[in-house]
1. Got a sec? Which of Ala86, Ala107, Ala19, Ala90 is modelled with pLDDT of 95 or more and either of a type in the set (Ser, Thr, Tyr) or within 13 Å of the chain's Cα centre (by Cα) (or both)?
2. What tally of residues in region 1-41 results from selecting those that are small (Gly, Ala, Ser), assigned to a loop (DSSP other than H, G, I, E, B) and either in contact with a Gly (Cβ under 7 Å, 6 or more places away or on another chain) or closer than 16 Å to Pro55 by Cα (or both)?
3. What's the total number of residues in region 45-65 that are part of a loop (DSSP other than H, G, I, E, B), within 21 Å of Arg17 (Cβ to Cβ) and in contact (Cβ under 8 Å) with a residue 12 or more places away in the chain?
4. Being free of Cβ contacts under 8 Å to residues at least 60 places away in the same chain and of a type outside the set (A, V, I, L, M) narrows it down to one residue among Glu75, Glu113, Glu142; which is it?
5. Would you check if Thr99 is within 21 Å of Val36 (Cβ to Cβ) and out of contact with any Lys or Arg (no Cβ under 8 Å at 6 or more places or on another chain)?
6. Output the residues belonging to region 61-76 that are charged (D, E, K, R), under 17 Å from Thr120 (Cβ atoms) and either touching a Cys at 6+ places or on another chain (Cβ under 6 Å) or surrounded by fewer than 17 Cβ atoms within 10 Å (Cβ to Cβ) (or both).
7. Specify which of the listed residues (Arg139, Arg102) is of a type in the set (D, E, K, R) and surrounded by 11 or more Cβ atoms within 10 Å (Cβ to Cβ).
Amino acid sequence: MARVDGFVRDLVAEMHRIAREYDGIGLAAPQVGESVRVFVTCPLYGEPERAFINPRLELSGEIVGDDEGCLSLPEIRAEIMRPPHARITALDLDGNEFTMERDGIWARVWQHEYDHLEGTLIIDRMKPIDRLANRRAIRDLERAAPKQGR
């Protein structure tokens, strides 16, 4: 069993609060400015609130598309292609390792949040036609983003 420190516990509590406030199904630490490998999911379809610390994913199945949005990119939605089945292994808030397998929405949510941990956004996974359809919203977000290195 690994030890989960107070920083991670406080971060997870804050991430759950933010996700609930913005009606999110999940949220990753990089989305709130923290460079740690943590994401959370919120209660939906009978699943409880969870934290995934240092997650590892195994994906399988024939890739399928479905509509996705992101709390970091409001008003941007697109069909994102992903495998339909995921197996995740992570630590919980007590430092215990757990493994879960899901198909459908939860497999997609885990992949989406894991992408954030890897520095990937849905705009990186969009088909060219979806990038074109969302170009104004993407451009507006890029203009509003703080400039790096200044």
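1. Ala107
2. Residues flagged as small (Gly, Ala, Ser), assigned to a loop (DSSP other than H, G, I, E, B) and either in contact with a Gly (Cβ under 7 Å, 6 or more places away or on another chain) or closer than 16 Å to Pro55 by Cα (or both) within region 1-41 amount to 2.
3. Count: 2.
4. Among Glu75, Glu113, Glu142, only Glu142 is free of Cβ contacts under 8 Å to residues at least 60 places away in the same chain and of a type outside the set (A, V, I, L, M).
5. No: the conditions fail for Thr99.
6. The answer is Asp66, and nothing else.
7. Arg102
The values are calculated or read from the model by the stated rules, or taken from the named source; none is laboratory data. Values in this document were obtained by computation on a predicted structure and should not be read as measured data. Backbone-built Cβ (ideal geometry, glycine too); neighbour counts: all protein chains shown.
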